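The values are calculated or read from the model by the stated rules, or taken from the named source; none is laboratory data. What you see is a predicted model, and the numbers here were worked out from it, not measured in a lab. Every residue, glycine among them, receives a Cβ derived from its backbone with ideal geometry; neighbour counts consider all protein chains shown. Protein only, heavy atoms only, side chains kept; ligands, DNA and RNA dropped before computing areas. Shrake-Rupley method; radii C 1.70, N 1.55, O 1.52, S 1.80 Å.
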Amino acid sequence: MQILQDKKIVLGISGGIAAYKTPELVRRLKDQGADIRVVMTEGAKAFITPLTLQAISGNAVADSLLDTQAELAMGHIELAKWADLIIIAPATADVIARIAVGMANDLLTTLCLATSAPIALAPAMNQQMWHALATQANVKTLNERGYQIWGPGSGEQACGDIGLGRMLEVNELVTLSSDFFADKYLQGQHWVITAGPTREAIDPVRYISNHSSGKMGYAIAHAALRAGAKVTLISGPVTINAPVGCQLISVNSAEEMHQQALKIAPECTTFVACAAVADYRVANIATQKIKKTNDAMKLELVKNHDIVADVANLHDKPFMIGFAAETQNIEDYARGKLMRKNLDLIAANDVAKSGQGFNSDNNALVLYSAIDKTEIPLANKQIIAQKLVSLINQHYLAKQS
Ligand code: C5P
């Protein structure tokens, strides 16, 4: 079943240029099974027509508090009671300010006062307006009142400025909406996840690395977030975006990853080492670009710290999960690593099989504990991550009891 099946969502649209993306948002939310009713402010109608949103949502659009006909159809109080979730996207600085002070001078702000449903704001405004003290104070107030603040994102803005203030992309808003309704069984836990490759510098322009895309680690971070955990992602250089809501610590080398992991690990409940950490680094990194004057050259390599093993040796070690990417004797190697690195669990994958593992969108895993093993069959990495996170939690809870 789709996670938004039969969920009743009011989409409030206020007057920002990002309003042009809302028909697509309605479509994607409906694809996930949601029933959508749109409420527009006067400003929103300057950017997009109610007719468009009515056609896409399949429901009448509400845009007036004082319209007798509209109140007969589904009055504002009825709408406020109907909603399982209210999403305001785009949420302008103006609408945020009006909600923060409790105004009820149009249908949307009245709805916010009249509802007991959770409300999510997807801010969208010029970066200077976002950073304005008044906006920040309003957002803080609403956050403290339990409003979800989804974004804003960073990047180029309609006005030409670059910075924070873009409405999150439609796919990110749809993901956040379905995550919102997911079971929050990891509430109160803090997961630290290492992901991606590391880069070991040779000289200022060259490095040694590997093909890790970071997709598996990022999918685990998303699955843990969705289940309600606080998530810190320590990531090597990758080309994918971190899930909205996690704390991202970007690193390059194994040594940097080691340093960050040891700093944050004592605070967490669960540590998942998914990064493809380089085993060796260059002993002496050249300070200037190495010239190709010789026919051959030798690089001296020294072993990197084993991050997961060092975290597992901490006095107050978190619940520890490692990964074993193998091409043969998978169970033997995986169990060997489980013991040697002092881990609670190890997730093994066969990287020799095509269409799974490194750089692929799919994976298949076998999760080993000291006493048992569980197979997670081939699937998309998002699905694998959700199953893995749930299994890790079951083992974690069993260890606590
Ligand atoms: O020993 P091997 O590299 O095969 O072990 C893989 C596991 O150990 C993975 O969980 C990986 O993230 C972790 N690892 C690490 N630091 C290293 C090497 C591997 O945390 N230097």
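Quick look at the numbers
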{"quantity": "Once exposed loop trypsin sites (Lys or Arg not before Pro) are cut out (DSSP; at most 11 other Cβ, 10 Å), longest piece of the chain", "calculated": "1-144"}
{"quantity": "The stretch 8-181: relative contact order as a whole-number percent, Cα under 8 Å and 6+ apart", "calculated": "23"}
{"quantity": "Summed side-chain charge close to residue 84 - residues other than residue 84 whose Cβ falls under 10 Å, Lys, Arg +1, Asp, Glu -1", "calculated": "0"}
{"quantity": "Phi-based couplings in Hz for the stretch 29-39 (Karplus 6.51, -1.76, 1.60; Gly and Pro marked x)", "calculated": "5, 5, 3, 7, x, 6, 9, 10, 10, 9, 10"}
{"quantity": "Percent accessible area from carbon and sulfur atoms, the chain, protein chains only, probe 1.4 Å", "calculated": "51"}
{"quantity": "Accessible-area value, residue 170, 1.4 Å probe, nucleic acids and ligands omitted, Å²", "calculated": "20"}
{"quantity": "Among beta bridges that DSSP assigns inside the stretch 8-181, antiparallel share in %, nearest 5", "calculated": "20"}
{"quantity": "Per-residue SASA entry for residue 24, accessible area with 1.4 Å probe, Å² rounded to 10", "calculated": "80"}
{"quantity": "Reachable aspartates and glutamates from residue 353, criterion Cα separation under 12 angstrom, eight or more residues apart if same chain", "calculated": "326"}
{"quantity": "Reachable lysines from residue 230, criterion Cα separation under 17 angstrom, eight or more residues apart if same chain", "calculated": "184, 263"}
{"quantity": "Distance from the stretch 240-296 to the stretch 363-395 (C-alpha centre basis), Å", "calculated": "25"}
{"quantity": "Kirkwood-based Rg to Rh ratio, the chain, C-alpha trace", "calculated": "1.05"}
{"quantity": "For residue 213, net neighbour charge (Lys/Arg +1, Asp/Glu -1) across residues whose Cβ lies under 10 Å away", "calculated": "+1"}
{"quantity": "222 nm mean residue ellipticity, helices alone, for the chain (DSSP H n ≥ 4; -39,500 (n - 2.57); rounded to 500)", "calculated": "-10000 deg cm²/dmol"}
{"quantity": "Probe 1.4 Å, protein heavy atoms only - accessible area per residue of the stretch 8-181 in square angstrom", "calculated": "44"}
{"quantity": "Heavy-atom surface of the stretch 309-365, accessible at 1.4 Å and reported per residue (Å²)", "calculated": "49"}
{"quantity": "³J(HN,Hα) computed for each position of the stretch 313-329 - Karplus, 6.51 cos²θ - 1.76 cosθ + 1.60, integer Hz, glycine/proline x", "calculated": "8, 5, 4, 9, 5, x, 5, 10, 10, x, 10, 10, 8, 10, 10, 7, 6"}
